[in-house]
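Below is one structure, written out as structure tokens; comments come after it.
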Amino acid sequence: MTKLSGSCLCGQVKIRVPNRFLYMGNCHCSECRKFSGSDYASVGGIDSSDFEFIEGEALVSYFAKSQETDLAFCSVCGSSLFSRKNTGKKHNIRLGILEGTPEQKPAFHIHTQSKAGWTNICDDLPQFAEGPPVP
Ligand SMILES: [Zn+2]
Ligand SMILES: [Zn+2]
């Protein structure tokens, strides 16, 4: 299986993930909006066991958003990197940190009931008012 690499804005954190995601979608929840500073977050999920740091692991800070979810960011440049699901053992990678283009594309929108008021969803992908349709 091919791999994709990713990095933060300052380049000191480097990661590697499989180029095959369990799911890929756009999250419009208010927490992703705050954490990313963007209208919504495009994320791809992988098993935590498939996630690798190449460099800079010690520079990553974690914000415990809830008991289940830690949000990871670079402590130097502040780039939002991924969320880590502690019980579910999944990493949701922020697609914007990837260097290459994944073979998949986002396939759904979630939490559309809390989407930014200025955002218009202009594609035909399935929309879910609340959480994800897959575990
Ligand atoms: Zn950085
Ligand atoms: Zn979200």
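Observations, loosely collected:
- Of the GluC sites (Glu not before Pro) found in region 44-135, those in coil by DSSP whose Cβ has at most 12 other Cβ atoms within 10 Å are E68, E99, E103, E130.
- Backbone N within region 76-98 under 19 Å of label point (7 Å from R20 Cα along the Cβ vector): 90-93
- Simple label model, 7 Å out from Cα along Cβ direction - S38 to Q127, nm: 2.0
- Charge-dipole axis of region 3-114 as Lys and Arg at +1 and Asp and Glu at -1 on Cβ define it, positive-most pick from G56, L81, S42: S42
- Based on C-alpha pairs under 8 angstrom that are at least 6 apart in sequence, region 3-114 has a relative contact order of 35 percent.
- Max mean-square fluctuation residue, GNM over the chain, Cα-Cα springs under 10 Å, options K85, K14, K65: K65
- Over all other residues within a Cβ to Cβ distance under 12 Å of E68, the charged ones net out to +4, with Lys and Arg as +1 and Asp and Glu as -1.
- For region 1-88, the set of chymotrypsin sites (Phe, Trp or Tyr not before Pro) satisfying both a DSSP loop assignment and a count of at most 13 other C-beta atoms within 10 Å is empty.
- Cα-based shape type of region 3-114, given that a ≥ b ≥ c are square roots of the gyration tensor eigenvalues and the cut on a/c is 1.5: rounded
- Taking every DSSP helix (H) stretch of at least 4 residues in the chain, weighting each as -39,500 (n - 2.57) and dividing the sum by the residue count yields a mean residue ellipticity at 222 nm of -1500 deg cm²/dmol.
- Where chymotrypsin sites (Phe, Trp or Tyr not before Pro) fall in DSSP loop in region 87-135, at most 14 other Cβ within 10 Å: W118
- For the pair C10 and V76, the difference between a 0.36 nm per residue extended length and the Cα-Cα distance amounts to 23.0 nm.
Bear in mind these aren't lab numbers, they're just calculated from the coordinates by the rules spelled out. Just so you know, these numbers come straight off a predicted model, no measurement behind them. Methodologically, a virtual Cβ is constructed for each residue, glycine included, from the backbone with ideal geometry; neighbour enumeration extends over all protein chains shown.
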